[in-house]
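Since the structure comes first, as structure tokens, the remarks are kept for the end.
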Amino acid sequence: MTEWIATRAEGEKQLAAFAPRMGRRYANGRNTDQGAGRHTAVSVLSPYIRRRLVLEADAVAAALAAHGPEDAEKFVQEVIWRGYLKGWLERRPQVWASYLRGLDADLAALDRDRRLRRDVERAISGQTGLECFDAWATELVEIGYLHNHARIWFASIWIFTLGLPWRLGADFFYRHLLDGDAASNTLGWRWVAGLHTRGKPYPADAQNIAAFTAGRFTPRPSDLAEVTQGLEATEPDGLPSLLPLRAVTTPQPGKPTALLITDEDCRVEDFDLSAIDIRTTDTLTTSHLRSPLPVSDLVHAFEAGALTDAALRIGAAPVTLHAADPTALAKWAAASGATQIATPYITTGPLRDFMDDAAPSLARAGITFCEWRREWDAAIWPHATAGFFKVKQNIPRILNQVFPA
Ligand SMILES: Cc1cc2nc3c(=O)[nH]c(=O)nc-3n(C[C@H](O)[C@H](O)[C@H](O)COP(=O)(O)OP(=O)(O)OC[C@H]3O[C@@H](n4cnc5c(N)ncnc54)[C@H](O)[C@@H]3O)c2cc1C
């Protein structure tokens, strides 16, 4: 089993080690899934980037410094793709809410339907008999990471060959991926299903799998379903309308403050902490909120390590709150005399939902919930209104905003 060290220092060490490979080598090799323990053509930085133990801006700066804008283009685009998906879901949080409703319905069906339960159990335990799929299911559970191409093939086979409900597959990923992220995961599955770029589902193809797994897997074409249409018909109303970005209240200097660290962003030292009057600092564990089903121990362990590291870096004792009762947040802040909670911006997903549930008790206790939003997000999200193309066109402007001359 891979040993994951969930610290900023480890993430930055891996970033530095991968920087020489962020140029043409990445562009040419990134689509090949070499298998567990051999993912050297991609960075495997996602568990760090997901928690901002490594910043997107630092990864992009390293690529540009080592290779220049032309050769680093692919790597830069992939990192910005993450920001695009995050921004897209910020502008359409209804898609997250409908995922949750659909997942509840799918889990209820799983309880009722013995055959569905058997088929899902076979899929997630790697016992379908389809060698590549079974190997990816095992890699995901044992290591907590899958190559991007494997995620795409796996999702396509889950939906179209095995005919299983897509949200149960997304939930399986979310419970096991160390980089599990509401936007990247939900929208990744929706993209494969033909719900993101509507009408363009992704068909897993036997030849393509053989070519891009370096021959490790050679499924027969007849093993895989021919995909003639996606799941668009399940959402006849199309995509919900675009909402404005959520307004943010920034922490006020001078007000007694409870500083909250979550695995949404484990680099609180980047914000001007000296300007605020911090009365208490705590970490909040939230990984269990990813799913109604149990979340992998690897995910919990990575979160615990990241939170401890984040607290120690700012000289705070890593005291841990557990996100269970939303009213506990107001009690925790009030006990220290704080009138505001300060934390890095919380994006659409389970933690945001928890904070929404906490809002009434915070209001009753006179506590303002405040967030810092990073320049990286502010630069990308306004462009994340439709397809990636619009963001891609604006990459020079985005980079100018993040790295002013
Ligand atoms: C069905 C499905 C589910 C996915 N679920 C997640 C998820 O929960 N969390 C997650 O971070 N990514 C997810 N992805 C996107 C992508 O697969 C991973 O980000 C990538 O494989 C991470 O590996 P890496 O760090 O080696 O990537 P690299 O290729 O080294 O890329 C560098 C960084 O760019 C970002 N990135 C690269 N490709 C993508 C992409 N396609 N979408 C979004 N960001 C990208 C990541 O932050 C990554 O760490 C999903 C993709 C699919 C198809």
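The values are calculated or read from the model by the stated rules, or taken from the named source; none is laboratory data. The model shown is predicted, which means the values in this text are computed figures rather than measured ones. All Cβ positions, even for glycine, are placed from backbone atoms using ideal geometry, and neighbour counts span all protein chains on display.
In summary, Leu298 fulfils each of the numbered conditions (1) out of contact with any Gly (no Cβ under 7 Å at 6 or more places or on another chain); (2) at pLDDT 95 or above with the single exception of condition (1).
Select, from Leu103, Leu89, the only residue that is of a type in the set (A, V, I, L, M), surrounded by 20 or more Cβ atoms within 10 Å (Cβ to Cβ) and either within 16 Å of the chain's Cα centre (by Cα) or under 30 Å from Phe217 (Cα atoms) (or both). Spell out the reasoning first.
Working: Leu103 fails: either within 16 Å of the chain's Cα centre (by Cα) or under 30 Å from Phe217 (Cα atoms) (or both).
Only one candidate passes the filter, namely Leu89.
In region 210-233, the residues that are free of Cβ contacts under 8 Å to residues at least 12 places away in the same chain form Cβ pairs under 6 Å with partners that are assigned to a loop (DSSP other than H, G, I, E, B) and not acidic (Asp, Glu), at six or more places apart or across chains, as follows: Ala210/Thr218.
Put simply, of Asp134, Asp181 the only residue that is more than 13 Å from the ligand (Cβ to nearest atom) and among the acidic types (Asp, Glu) is Asp134.
Checking the conditions here, which among Thr348, Thr343 is modelled with pLDDT of 95 or more, part of a strand (DSSP E or B), among the β-branched types (Val, Ile, Thr) and under 27 Å from Trp81 (Cα atoms)? Checking each option against the conditions leaves just Thr343.
Could you list all residues from region 17-54 that are touching a residue at least 24 places away in the same chain (Cβ under 8 Å), part of a loop (DSSP other than H, G, I, E, B) and within 11 Å of the ligand (Cβ to nearest atom)? Scanning region 17-54 gives Met22, Arg30, Asn31, Asp33, His39, Val42, Ser43, Val44, Leu45, Arg51, Arg52, Val54.
Residues in region 279-308 that are β-branched (Val, Ile, Thr) and not in a loop (DSSP other than H, G, I, E, B): Thr280, Thr281, Thr283, Thr285, Val299, Thr308. Return the residues of region 191-201 that are touching a residue at least 24 places away in the same chain (Cβ under 8 Å) and near the ligand (Cβ under 8 Å from one of its atoms); say none if nothing qualifies. The one that is touching a residue at least 24 places away in the same chain (Cβ under 8 Å) and near the ligand (Cβ under 8 Å from one of its atoms): Val192. Within the bounds of region 146-163, is there any residue that is in contact (Cβ under 8 Å) with a residue 12 or more places away in the chain, more than 11 Å from the ligand (Cβ to nearest atom) and within 19 Å of Arg290 (Cβ to Cβ)? No, because not a single residue in region 146-163 is in contact (Cβ under 8 Å) with a residue 12 or more places away in the chain, more than 11 Å from the ligand (Cβ to nearest atom) and within 19 Å of Arg290 (Cβ to Cβ). None of Thr280, Thr250 is surrounded by fewer than 18 Cβ atoms within 10 Å (Cβ to Cβ), in contact (Cβ under 8 Å) with a residue 40 or more places away in the chain and hydroxyl-bearing (Ser, Thr, Tyr) except Thr250. Scanning region 313-367 for residues that are of a type in the set (D, E, K, R), closer than 19 Å to Ala275 by Cα and more than 24 Å from the chain's Cα centre (by Cα) yields no hits at all. Contact map, region 179-190: residues that are of a type in the set (Lys, Arg) paired with residues that are near the ligand (Cβ under 8 Å from one of its atoms), Cβ distance under 9 Å, separation 6+ or inter-chain. Pairs shown: Arg190/Ala170.
Exactly one residue out of Arg267, Arg290 is over 14 Å from Gly180 (Cα atoms), in contact with a helix residue (DSSP H, G or I) (Cβ under 9 Å, 6 or more places away or on another chain) and not assigned by TED's automatic domain parsing to the domain that holds Gly83, and it is Arg267. Within region 371-387, the set of residues being modelled with pLDDT of 95 or more, of a type in the set (A, V, I, L, M, F, W, C) and surrounded by fewer than 20 Cβ atoms within 10 Å (Cβ to Cβ) comprises Trp372, Ala378.
Note on region 1-32: among residues that are farther than 30 Å from Gly215 by Cα and β-branched (Val, Ile, Thr), the one that is surrounded by the most Cβ atoms within 10 Å (Cβ to Cβ) is Thr7. Selection of region 267-298 for residues being closer than 17 Å to Glu10 by Cα and within 16 Å of the chain's Cα centre (by Cα) yields only Leu298.
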